[in-house]
Every structure is written in C-alpha cells, then in structure tokens.
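The values are calculated or read from the model by the stated rules, or taken from the named source; none is laboratory data. These figures come from a predicted structure and were not determined experimentally. Cβ atoms come from the backbone with ideal geometry, glycine included; neighbour counts cover every protein chain shown.
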Amino acid sequence: MQQHTETEENYLKAIYHLSNVTISSVNTSSIATSMSTTSASVTDMLKKLAEKELINYEKYKGVKITRKGEKVALNIIRKHRLWEVFLTKVLKFEWDEVHTMAEELEHVSSDELIKRLEAYLDFPKFDPHGDPIPDQSGKLELNDQMSLSSGETGAKYTITGVGEHSSAFLKHLAKYGLKPGITVSIAEIMEFDKSMLVKVNKEKFHLSLEVSKNILVKKYGAI
C-alpha cells in the first residue's frame, strides 16, 4: 500500500470534509482556511496530491477528491473516531478533550493495531460526538438525525450527536448535561429569536438558536 505523509493525510481529510458541504469543487481558499495555512502552500500540496491521483486539480477550477483519495481520507477518519471512542470509553477522558489527542493517534499506520482496537471496543458504529465510524471498506452507517432547532414544542428527542466539535461548545453542553443518549423535551420555542426552553429530567433551561442548531437528535423512541 502506498504510504502518505501526515500532512498529505491531513489535507485529504480536510478536502473530504469540505467536499461534503459543497456541491461544486472545493476551492483553494477554503482549504487554506481549514488547514490554517496560505493559498501558496495549499497549491503546492494540491499538485503533489494530484500527481499521486488522490485528487483532480485544475488551477482556478478547484479540487475534487478521487475515489483513491477518498479511501485514504475515510481510513484516517475511521482511525480518528475509533481513538476517540477508546479515549472516552476506556481512558475516561471527557468528550471535549479527545479531538486533539485523536488528531495525533489517527496517523498510526498499523492496520493490525486498528483492527484489534476496533474489536476491543466491540465494533462501535459512532464516535462520542455521534459521528459515524467508517468500516474497513470505508462504508458509513449514517445516522438518520435532525437538528434540535427543527423540533416541535411538546415533543421529546434523544440526542444523537453534535454538529459543532469545538471544545468550547462541548463544554457548554456539558454544563447542562447534554450529550448523546440524553432525552430532551421542548417546552417552548420563542417566536422572537427561535431560542427554546427545554427540559432534561426535571431541569429546565434556555438554548439559543445557534446551540440548538448544532445539537443533533432523533425523535424519542426512534433509535
């Protein structure tokens, strides 16, 4: 199997994620923002990735990841999410602590280690944030979920994941005890700003529209 540098893997992962939020080619500036680097550096890397047939790249026309590149990206994402499960489930780290650590661990190249890690964790389908874990072939078991902001007054929902993964956001949710598996009832939706009053167990509190947009849920009992 062709080996790739850590930087190449990070670029492919970024391009894959950006490809999922746009129907057109991914542009250089969005990759530069995602990678916190300059457009010139991005262009240099894109040329290298194109030479390895991991992306299709044409100057001024953007980037499309190839099936070969997608396979590499999904393998990195698979390792990242398995490590997040390990760090939270086995080593008892909080879900807002594991992303940076998993960013380092995802570049471990041993396929046998990852196979044993997955088996040890009993083949999890989703990571601590509710994101699907690709299997060995790159297949994702998608979670049929919606944003809490699309919910209805009086309805109950089970949290399945989050759309925002920053440590600050996850810590904010933790203050209210909000995490995957928790049941939330919508008591009231404010007409003015679409913020909502929600109930968790016997506690009631307000969530802003920005927060509720980034909480992913299923109708209670649908999981």
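Please find, within segment 138-153, the residue that is nearest to Lys218 (Cα to Cα) out of those that are surrounded by fewer than 13 Cβ atoms within 10 Å (Cβ to Cβ) and within 17 Å of the chain's Cα centre (by Cα). Among those that are surrounded by fewer than 13 Cβ atoms within 10 Å (Cβ to Cβ) and within 17 Å of the chain's Cα centre (by Cα), it is Asp144. Cβ separations smaller than 7 Å between residues 6+ apart or across chains give the following pairs from segment 6-25 residues that are over 19 Å from Asp44 (Cα atoms) to residues that are small (Gly, Ala, Ser) and not in a helix (DSSP H, G or I): Ser24/Gly62.
Looking at Ser25, Ser109, just one residue is closer than 23 Å to Asp127 by Cβ, among the small types (Gly, Ala, Ser) and at pLDDT below 95, and that residue is Ser109. Only helices (runs of 4 or more DSSP H) whose full extent lies in segment 29-125 are considered here, and the ones with at least 2 residues that are in contact (Cβ under 8 Å) with a residue 12 or more places away in the chain and within 14 Å of Asn10 (Cα to Cα) are 39-51, 67-89, 98-105. Across segment 209-222, which residue is modelled with the lowest pLDDT among those that are loosely packed, with under 14 Cβ neighbours inside 10 Å and part of a loop (DSSP other than H, G, I, E, B)? Restricting to residues being loosely packed, with under 14 Cβ neighbours inside 10 Å and part of a loop (DSSP other than H, G, I, E, B), the top hit is Ala222. For segment 154-189, which positions are more than 21 Å from the chain's Cα centre (by Cα) and assigned to a loop (DSSP other than H, G, I, E, B)? Answer for segment 154-189, where residues must be more than 21 Å from the chain's Cα centre (by Cα) and assigned to a loop (DSSP other than H, G, I, E, B): Gly154, Ala155, Tyr176.
Could you grab me the full set of residues in segment 131-153 that are assigned to a loop (DSSP other than H, G, I, E, B), of a type in the set (Gly, Ala, Ser) and in contact (Cβ under 8 Å) with a residue 40 or more places away in the chain?
First, the residues of segment 131-153 that are assigned to a loop (DSSP other than H, G, I, E, B): 131, 133-145, 151-153.
If we keep only those that are of a type in the set (Gly, Ala, Ser) as well, we get 137-138, 151.
Hits for segment 131-153 are Gly138, Gly151.
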